[in-house]
Amino acid sequence: MSPSCRNWPSSCVIYLTGGNGWGVLQGMQRAAVFNIPLGIAVARSWSKYVALPSAYTTLLNWWTPDDSFLELNPTPLIFPRRSELAHLQQDLTSAMEAVHLTKLISHDLEFMAPGVVHFLRQSQIYLSEVNDLMRARKAGHSIHEAACEWLRSHETRWRPWIPDPTACARGYGLHDEYLGEFTSSRPNATGCKACLPGTYSDSFQDDQGRSYVCTPCPAGTEQPAAGEVVCKNCPVGTFKAVQSSDQCTPCPKGFYQNHTGAQTCKECPQGTTTLLLGAKRGSECVCRAGSIDLSSAESEVAHCAACPDGLTCPDGSTMNLLQSGDQTGSKADQVPGIAAGFFSWPAEPLKVFKCRTARCPGGSPGTCQGGALGPTCAACSDGEYWENGQCSVCQVSLKAFWYCLPILVIALLVAAYYMVETHYLALPSLAECSRMGFEMMLNFVQNIGVLSLVIVPWPEGLKELFEFSEVFVLSLQSYGLNCTSSSDLNQYLVAAGLFLSFAAVAPCLGYLSQWVPCLRRRDLSWSFYRTICTIGKIYQSLFVTMCSIGLSPFMCYLHPNGLHSMLKYPNMLCGSIEHGIMRMAGVAVLTLSASHFVLCCWACYQAPSWSRKRPDRLTSVGFLILNFRPSSWWYSLIILLRGLFISVGQVIAPDAQGVQLLVMSLIMIVSLSLQLYVLPWKAPLLNLVDAVSTVLFLTLLAVALHLSPVDSQSFLDAFGSIIFFFSLALITSLGCLMMGMLALQRCCRTEGSHIRLLNLGTPFRPADLLMLLDSMCANLMRKHEVERQTLLRKMSSGLSLYDIHAVESALKVLCVDFELLADESVRESRIVGERISRMKRRTLLLHSLSEDGFLRLQTVERLTAESDLDRSQDENFKQAEDSHEVRPKDAAFQDLVRQTFSF
C-alpha cells in the first residue's frame, strides 16, 4: 500500500497487475511521489488477471492494441512525459515510452520486393480501426471476414496504397514480361525488374511521374552487381571500348592501363610485352621472347636487344637474370640461358660462341662439361686430356708414348721402305690383293674422318664411331696429345710437320744407309728410286689426311658473336696471330700436296714410255700404278683429286653443313661413275668392293644430309631444282640427238658419226682388225715350236685378269660367231649373232662393201637377175658360202664378188 492510505486500507484504490508483477516498482514510486492511495495487487494467474477488472472497478496495467479489456473501454492514466535522465537514475515516476510493435524483415526486401515496401509505406491504420477489427473478431467474425468487410467499406483509404507497376524504384527498370526483356518505354512495360549486372537504373520523368529504366554501362565503366543505380569505372589494368552490359576486359598481353575508367589500353613500347593480362603499370612491359633487357634496374624503361643465336630468351629476360641464372625464384620462367651446344663468358654473356662438341651443356654463362675450358669448351687445363666425357690427368705412360712417337714414325718409315712393292705385275697375287684391300680400307676411314668434321647430330652409337674416326685425320686431342702440349698451335704444327718431315727424313735415312757396312754387304742400303717410291707411297696413302690438315686453317666457321673459329680446333679464333702461323704451315702442307699431285701427273704421263725404255724409273712410281690394270694405270690421279676435293666443301661453306655434305656427295658420285666406267683395279673383286664401299659412303652422306640442320635449305632447294631440270634436259637432248642422227643416216647414208658417239670414241675398224689378226697368225706360224711355247708362257703370266678375260671373250666371239674354229667344245654364255653360214647373199655382200659398195651391189643384183640361177645353183652357192668361196656360173659375177670381198 502507498503511504497515503496505509493507515486506512479501505480508502486505497486497487492497482491490479499480473505476471511477475508488471509495473509494480513504477506504481510504488508514483503512489509515493504523487500521494496516490494505491493498493497494488498481483493476480495469481492470467485468468484471474483478466476476470477481476470486469468484477471490480480498479486501476490495471494494460497495453494496446489488445482485446483482453477492450469491452471495458478503460481510460488511460497520464503521467508526466518520460525523462531519460530520471530513468537512468532509477526514477520511474515519469511516463513509459510507447513501444511500437514491429517485425524484422530481410534487409534487401526493398530491392527484392519494392512494391511490397511501397505498399507498407503508404498504408496507415489507426488504433480505433484496429480495435473495431478486434471487436468484430470477438463478435464471431473470422479474421478474413473482418478484413474483407473493412476493405469494402474503406476502398478510398487503401486504393492509393497500391503502387503503379511501371513506377519503378531505384535499382529497377521497366520490363516487358511477355518478351522477357527490358524496355525504355512505359507503354511497352508490364512491370519492373531489378537491373541486371552490366546495367544501371537510370531515372526519367514523364506525365505519369518518375520511373527508372535499365541502361547499359557506358564505355570505360562496368557494374558487376544487379540493381545498381550507377556504373563503376573500369579498374586499373582493364578497359571497355563501347557502351554495353559487358564487364571491363583485362588489357591483353603487350598492353597496360594505369588509370581507371579507360576505354582503351596503352601499348607497350616497341619490342616489349607483358607477362600477364591486365597489366597495371608501364614497368610491367618487359622484353619479348627472343630479346633481352639491357637496362640495369627494373624501374627503368626496358632497353631490349635481340638475343644472339645460342641464347634462349623467354618473355621478360634481363641481363641480371642471365648472369644470376637463378631457376628457383618467382621469375624462374623468365630466366634466359645459354642453349645446349653454345657457350659465353660470365663477364660477356651476350658474346655467344658455338661449340662443335657436346661439352657445352648450356645453362648459365661459363658452364662447360667435365672441367673443359675455352670459349668452345674444347680444351683441358695443362696436364689433362679429354677422356670418358671429362678432363683426366695425364698418365706418365701416355706422355712417354707421345715423346717416343717420332722414333716410332722413323721405325715405320724404315719398315715401309723394305715392305713397299716396286715391281709391276699385270696379274695380281693374293698378297698384292690383300695389300690393295688394306689401302682401300685406309682411304675409306680417312674419308670417314673428313665426314666426322661436319657438324651432324648423329645418334649416340654413330656419334662414338665418328669421334673415333677423327683419329684418321689426326684429331688426337682425345688420345692424349694435350699431355705434350695443350696449345692448339703446337698440336697443329706437329700434325703438319709430320708430313713435311717425310720428305726430309727419308732422304737422310737413305744417305745414312749408305754408310752402314752391314746394309751394304747385304745389299740393303737404300736406293734412289725405291726411296722415292716409299715417300710417294706414304703421301699416296695419307693424301686425304694431308689435304685435310693443309686445309684446316682455312675452315673457319662463324660464331653468333661474329667471330670465327677453326672447325678442327674450335678454341682457335681465326684472325689471331696463332691462326696466321697455322695458315702458313697449312700453305706449306698444301704446297707439298700440290707438288705431289703434279709429280704424279708427270709420272703417269711418262709411265708408258718408262715401261718400255726405262724400267728402273718405273719402280719409282710403283705406288701409282701397282694397284691398277695396265690400261688404267693413271687412275690413282682420280683418287688423289677425290682426296683433295672431298675437304673443299668445308672450306667454301664451313657454316652450311648441307652444302658440305652435298659437295662430298657430288665428288663421290663422280668418282663412282669413273670407277664403274674404267674398272681400274686389277682384280674384279676389288672393283666390286670399291664400288660397294663408295655406295655405302654415299648412303651415309644421305643420312647425314637428312640429320643436318636446315641452315642451307634455300641453297639445297635451288640446287635440287637445277639437278632435276638438268637431268631432264640431258635425257631429252640425248633422245633428240639420236633421232637427228638416225634421220641424217637415212637421208645422207653417213656411218661414222653415230658410231663414234655410241662408242664414246672411234672404234677399231673390222677390216683393220682382220688384217691385224691375219698378220698375227702369219707371224706366229713362222715361229718355231719352242718360241711359241715361250710366248704362250709369257702371255699367261704377263696379262692382267681383265686382259685375259678380254682376250678370251674376243677369241670365243671369233670362234663361235664367225666360225673360225668348228669345235663345239668352245661355248660362250652369250647370245650368238647371225653367223656367216646363215646369212643371205645380199646380207653377206652388204657386210663386205667398201665406200662404192652400193654401186657394186646394184651391178651384182643385175648380173644375178640375168644369170637366172635355179634352185640347185642356189644350194651350190650356199655350200660355197660355208667355205668362204663364191663360184656362180656367170664369170662377170665371180670377178665382181672377188673384188668386193677382202678375203
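R612 - would you say it is open to solvent by 10 Å² or more (accessible area, probe 1.4 Å), under 21 Å from I538 (Cα atoms) and modelled with pLDDT under 90? In short, no. Of all residues in the range 263-272, at least one satisfies being assigned to a loop (DSSP other than H, G, I, E, B), over 37 Å from the mean Cα position of the chain (by Cα) and more than 30 Å from K351 (Cβ to Cβ). Checking the stated criteria, D67 turns out to be in contact (Cβ under 8 Å) with a residue 40 or more places away in the chain and either in contact with a Lys or Arg (Cβ under 9 Å, 6 or more places away or on another chain) or of a type in the set (G, A, S) (or both). Only one of the listed residues (G173, G254) is under 30 Å from A305 (Cβ atoms) and touching a residue at least 12 places away in the same chain (Cβ under 8 Å). That residue is G254.
Here R356, R435 are screened, and the one residue that is of a type in the set (K, R), without any contact (Cβ under 8 Å) to a residue 24 or more places away in the chain and open to solvent by 30 Å² or more (accessible area, probe 1.4 Å) is R435. Taking the criterion of being over 25 Å from E71 (Cα atoms) and touching a residue at least 12 places away in the same chain (Cβ under 8 Å), the residues of the range 118-147 that qualify are H118, F119, Q122, S123. Residues that are surrounded by 16 or more Cβ atoms within 10 Å (Cβ to Cβ) and at pLDDT 90 or above within the range 220-232 comprise G220, T221, E222, Q223, C231, K232, listed in sequence order. For the range 495-526, the set of residues classified as in contact with a Gly (Cβ under 9 Å, 6 or more places away or on another chain) and surrounded by fewer than 18 Cβ atoms within 10 Å (Cβ to Cβ) consists of S525 only. Answer with yes or no whether L408 is open to solvent by 70 Å² or more (accessible area, probe 1.4 Å) and not in a helix (DSSP H, G or I). No, not satisfied. Across the range 589-604, a minimum of one residue is classified as open to solvent by less than 40 Å² (accessible area, probe 1.4 Å), closer than 30 Å to F628 by Cα, free of Cβ contacts under 8 Å to residues at least 40 places away in the same chain and of a type in the set (G, A, S). Answer yes or no: is there a residue in the range 32-39 that is surrounded by 12 or more Cβ atoms within 10 Å (Cβ to Cβ), under 17 Å from A95 (Cβ atoms) and among the small types (G, A, S). Yes: one or more hits. The conditions of being within 33 Å of the chain's Cα centre (by Cα), on the phi < 0 side of the Ramachandran plot and modelled with pLDDT of 80 or more are not met by V494. Answer yes if at least one residue in the range 11-18 is among the hydrophobic types (A, V, I, L, M, F, W, C) and either part of a loop (DSSP other than H, G, I, E, B) or without any contact (Cβ under 8 Å) to a residue 40 or more places away in the chain (or both), and no otherwise. Within the range 11-18 (the criterion being among the hydrophobic types (A, V, I, L, M, F, W, C) and either part of a loop (DSSP other than H, G, I, E, B) or without any contact (Cβ under 8 Å) to a residue 40 or more places away in the chain (or both)), the answer is yes, since at least one residue qualifies. Screening V659 against (1) under 39 Å from the mean Cα position of the chain (by Cα); (2) open to solvent by less than 40 Å² (accessible area, probe 1.4 Å); (3) within 24 Å of N443 (Cβ to Cβ); (4) at pLDDT 90 or above leaves a single unmet condition, (4).
Comparison of A416, A431, A426 shows that the only residue that is part of a helix (DSSP H, G or I), within 30 Å of P680 (Cβ to Cβ) and in contact with a Lys or Arg (Cβ under 8 Å, 6 or more places away or on another chain) is A416. Note on the range 468-479: residues that are small (G, A, S) and either in contact with a Gly (Cβ under 7 Å, 6 or more places away or on another chain) or crowded, with 20+ Cβ neighbours inside 10 Å (or both) total 2.
Going by the structure shown, is S381 open to solvent by less than 80 Å² (accessible area, probe 1.4 Å), among the polar types (S, T, N, Q) and within 21 Å of S485 (Cα to Cα)?
Yes; evaluated as a whole, the condition is true for this residue.
In the range 673-709, the residue that is farthest from L453 (Cα to Cα) out of those that are of a type in the set (A, V, I, L, M) and open to solvent by less than 30 Å² (accessible area, probe 1.4 Å) is A683.
Can you confirm whether Y212 is part of a strand (DSSP E or B), open to solvent by 20 Å² or more (accessible area, probe 1.4 Å) and either farther than 25 Å from L109 by Cβ or touching a Ser or Thr at 6+ places or on another chain (Cβ under 7 Å) (or both)? Against the criterion (part of a strand (DSSP E or B), open to solvent by 20 Å² or more (accessible area, probe 1.4 Å) and either farther than 25 Å from L109 by Cβ or touching a Ser or Thr at 6+ places or on another chain (Cβ under 7 Å) (or both)), Y212 qualifies. For the range 480-494, the condition of being out of contact with any Gly (no Cβ under 8 Å at 6 or more places or on another chain), of a type in the set (A, V, I, L, M, F, W, C), under 19 Å from T422 (Cβ atoms) and assigned to a helix (DSSP H, G or I) holds for none of the residues.
The values are calculated or read from the model by the stated rules, or taken from the named source; none is laboratory data. Computed from a predicted model, the values in this text were never measured in an experiment. Please note: Cβ atoms are built from the backbone with ideal geometry, for glycine as well, and neighbour counts cover all protein chains shown. Ligands, DNA and RNA are excluded from the accessible area calculation, which covers all protein heavy atoms including side chains. Shrake-Rupley method; radii C 1.70, N 1.55, O 1.52, S 1.80 Å.
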